[in-house]
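Below is one structure, written out as structure tokens; comments come after it.
The values are calculated or read from the model by the stated rules, or taken from the named source; none is laboratory data. Quick caveat: nothing in here was measured; it's all calculated off a predicted structure. Backbone-built Cβ (ideal geometry, glycine too); neighbour counts: all protein chains shown.
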Amino acid sequence: MPEFTTAQVHAGESRDAAHGARVTPIYLTAGFEFDSFAQAEGRFGGDEAGYTYSRSGNPTTAALERRVAALEGGREAIAVGSGQAALTVAVLGLVQAGDHILSAQSICSGTRGLFENGLRRLGIQIEFVDDPTDADEWRRRIRPNTRVLFGESIANPGNEVLDIEAVAAVAHDNGIPLIVDNTLATPYLLRPGAHGADIVVHSASKYLGGHGSTLGGVVVDQGTYDWASSPFTHLTGPDEWLEGSSYVAEHGAAAYTAFARSVVASLFGPVLSPMNAFLIQQGIETLSLRVQRQSDTALAVARWLQEQPEVVRVDYAGLPSHPAYELASHYLPKGQGAVLGFALAGGAAAAERFYDSVDLFSRMTHIGDVRSLILHPASTTHAHLHDDVREETGIGGGLLRLSIGLEDAEDLIADLARGLAAVRAADAVLTEAVVAAAGR
């Protein structure tokens with residue numbers, strides 16, 4: 001494979017033979033015309049290559065899949081309508097009612113909601129590892145019906161870094177795959193598959209697309225897990241659609257992606273629009289440039305924040321003070337990503353004053369944009385969590401999350417200073433009121 005910056009521009013591209021378009025065209029079509037009865041039969045039967053309906057496959061989407069698979073060093077990828085859809089397809093391609101998923105505790109709120117409120121209702125058992133850095137805890141919690149281990153390469157928003165090699169060893173010792181959400185790191189900073197992950201998922205809405213203009217998600221099968229000797233009987237056993245054959249027998253190493261694509265993604269229907277696939281592919285072409293600058297700026301911002309007296313904690317793995325610093329040095333030597341959190345001593349009241357006083361940071365729930373964003377997790381994305389879970393995962397009332405964009409670092413720091421000035425001003429007014437009341 002060529003170097004990353006070359007691959008992000010050229011990998012997987014499909015040139016337009018008819019008209020010579022240099023950029024992969026947008027095939028905005030619901031279906032595809034067949035030349036004959038025999039061709040239609042052959043395509044639906046899988047005997048002839050080609051497209052049938054955009055819910056099952058589209059040339060624009062396929063080009064995106066090939067590019068992301070190449071960047072992650074994977075065998076094959078499936079592109080779907082959102083990051084949440086990618087995780088859903090990845091997991092439902094493996095588990096069924098009665099199965100058990102073991103996940104890191106420190107995962108994003110949307111994923112936790114999918115696990116606890118979505119999959120649990122389908123009879124899938126969910127359990128969270130309190131300390132994901134403890135390989136022995138992962139090992140102790142494995143059950144006979146455990147079918148998936150899951151974690152995020154960089155956790156959102158706490159910046160915990162998954163020890164992929166250690167968790168992958170636990171998974172493989174028990175004959176099960178490890179799924180890693182690599183959204184925050186991106187394949188530029190980290191390839192989980194190179195450290196033992198079997199399946200990698202992305203919310204392409206974030207850094208892959210980069211501009212906050214579209215939704216999308218990708219599932220990447222690394223091609224390293226042995227599906228033939230796996231406990232997944234829906235892949236190894238006879239299937240009615242395959243006339244008694246199995247996905248392993250028909251597709252070999254591609255058994256998982258064949259099932260996840262044709263059964264889960266196609267039948268549940270979380271389709272990625274060809275237009276969105278095109279926009280995400282356009283974003284990927286500048287991925288390394290954006291992510292490197294964003295990571296460098298995030299580190300500068302984190303260093304500045306930790307020096308401010310109103311800030312009691314900065315959650316950024318690039319700081320030596322962060323518990324994941326050593327893991328980040330090992331897995332993320334080029335940069336530690338562009339999402340960070342910081343907690344204000346004044347709690348929720350101080351966070352609100354800060355939040356309402358910034359000007360350059362956009363107040364919204366998103367990450368990975370070229371614009372810098374700010375969010376108060378405890379009152380928005382994590383508001384539905386029980387108090388004990390929020391406390392355990394560090395989502396306090398004083399926590400604010402930043403997603404660093406492409407603006408100049410000095411301008412961002414000046415905007416954050418504006419927020420801190422508002423906190424100080426409010427504290428001064430409160431102190432004067434307390435003193436005045438005491439003197440009466």
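Select the helices (runs of 4 or more DSSP H) contained entirely in segment 70-150, then report the ones holding at least 2 residues which are in contact with a Ser or Thr (Cβ under 8 Å, 6 or more places away or on another chain) and farther than 22 Å from Thr236 by Cβ. Break it down into steps so the answer makes sense when it comes.
Details: elements: 83-92, 109-113, 135-140.
Counting at least 2 such residues, we get 83-92, 109-113.
For Pro25, work out the one condition from (1) closer than 21 Å to Val89 by Cα; (2) at pLDDT below 90 it doesn't fulfil.
The number of the failed condition is (1).
Going by the structure shown, is Ala277 touching a strand residue (DSSP E or B) at 6+ places or on another chain (Cβ under 8 Å) and of a type in the set (A, V, I, L, M, F, W, C)?
Numbers: touching a strand residue (DSSP E or B) at 6+ places or on another chain (Cβ under 8 Å): yes; of a type in the set (A, V, I, L, M, F, W, C): yes.
Against the criterion (touching a strand residue (DSSP E or B) at 6+ places or on another chain (Cβ under 8 Å) and of a type in the set (A, V, I, L, M, F, W, C)), Ala277 qualifies.
So, of the residues in segment 29-58 that are part of a loop (DSSP other than H, G, I, E, B) and of a type in the set (S, T, N, Q), which turns out to be farthest from Gly81 (Cα to Cα)?
Taking segment 29-58 first, the residues part of a loop (DSSP other than H, G, I, E, B) are 29-30, 32-36, 46-52, 54-58.
Those still in the list that are of a type in the set (S, T, N, Q) too: 29, 36, 52, 54, 56, 58.
On the way: Thr29: 16, Ser36: 31, Thr52: 19, Ser54: 12, Ser56: 12, Asn58: 13 Å.
Checking each candidate, the answer is Ser36.
Hey, can you tell me all the residues within segment 201-250 that are crowded, with 20+ Cβ neighbours inside 10 Å and in a helix (DSSP H, G or I)?
Trp227, Leu235, Tyr247, Val248
Any idea which of Ala258, Ala253 is in the same structural domain as Gln96 (by TED's automatic domain parsing), under 21 Å from Asn58 (Cβ atoms) and part of a helix (DSSP H, G or I)? Can you show your working first?
Working: Ala253 fails: under 21 Å from Asn58 (Cβ atoms).
Ala258 is the lone residue from the list that is in the same structural domain as Gln96 (by TED's automatic domain parsing), under 21 Å from Asn58 (Cβ atoms) and part of a helix (DSSP H, G or I).
Within the bounds of segment 282-302, is there any residue that is in a helix (DSSP H, G or I) and over 26 Å from Gly337 (Cα atoms)?
Restricting attention to segment 282-302, the residues satisfying the condition of being in a helix (DSSP H, G or I) are 282-284, 287-302.
Subsequent filtering for residues that are over 26 Å from Gly337 (Cα atoms) retains none.
No, segment 282-302 has no match at all.
Given (1) surrounded by fewer than 22 Cβ atoms within 10 Å (Cβ to Cβ); (2) of a type in the set (S, T, N, Q); (3) within 30 Å of Pro274 (Cβ to Cβ), where does Asn174 come up short, assuming only one miss?
Condition (3) is where Asn174 drops out.
Being among the acidic types (Asp, Glu) and farther than 22 Å from Ala70 by Cβ is true for just one of Asp239, Asp198, Asp181. Which residue is that?
Values: Asp198 fails: farther than 22 Å from Ala70 by Cβ; Asp181 fails: farther than 22 Å from Ala70 by Cβ.
Answer to the selection: Asp239.
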